[in-house]
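Undergrad: Sharing a structure below in structure tokens format, with a few things to ask.
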Amino acid sequence: MGTDCCSDCHEPNRQRDAAYRRVLWLVLAINAGMFAIEIGAGLAAGSASLQADALDFLGDAANYGISLLVVGLALRYRAIAALGKGATMMAFGIWVLAVTVWHLYHGTLPQAFTMGAIGLAALLANLASFGLLWAFRGGDANMRSAWICTRNDVVGNAAVLLAALGVLGTGTGWPDVTVAAIMAALALQGAVVVIRQSLGELSQQRSVPVPAE
């Protein structure tokens, strides 16, 4: 009876993990596809915010792939994976800041129409991912990091659309680099949240006493 009870207790977790895997595959495909579209459009349009958003899609796709590998594993391994994803988010934020400074120095004037069209497509893609991940937003650091990435993406996409309007209205690249800088700040803030939670979970695991044999 003890074995059956244990099996029954773990069944909800197995069902949740299976559902989470299906969602991760879907959002991974969405993000990988949007990266390919947006990086080409960002380079063609000379937009720092589109390029930043494209690399964000790539980073998210990689993060979702990592999440798939650790679903169902012990909390320690999920926390380690989340720590790695937090470090990736931090690196992305620093890279975007560098790109922003480059475009600011060269006074790049991006194509507002391309920014708006691709930004709208990216927003719709991330809203779909956001909806799919909503049910897992309160999970461990690994689950939460996936949701935070997508939350930041939705905000970033909306900002890209505003930047496109700003470029169109002012005839300057300032709105584009401003939004890119905001996206970098969001990535850095999200990285701090994920790293802090994952380190807390790892510390908690180390403090758990090992049962005597």
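The values are calculated or read from the model by the stated rules, or taken from the named source; none is laboratory data. Remember, predicted model here, so these are calculated numbers, not experimental data. Here Cβ is always computed from backbone atoms with ideal geometry, including for glycine, and neighbour counts include all displayed protein chains. Keep in mind that these areas ignore ligands, DNA and RNA; they rest on the heavy atoms of the full protein, side chains included. Shrake-Rupley method; radii C 1.70, N 1.55, O 1.52, S 1.80 Å.
Undergrad: Let's see if you can work this out: charge +1 on each Lys and Arg Cβ, -1 on each Asp and Glu Cβ, no other charges. What is the dipole magnitude of segment 9-111 about its Cα centre, in debye to the nearest 20?
TA: 440
Undergrad: A follow-up question, please. As a test of reading the structure, rank 16, 76 by solvent-accessible area (1.4 Å probe, protein chains only), most first.
TA: Reading off the accessible areas and sorting them downward yields 76, 16.
Undergrad: Please give the net charge around residue 32, taking every other residue with its beta carbon less than 13 angstrom from that of residue 32, where Lys and Arg add +1 and Asp and Glu add -1.
TA: Local net charge: -3.
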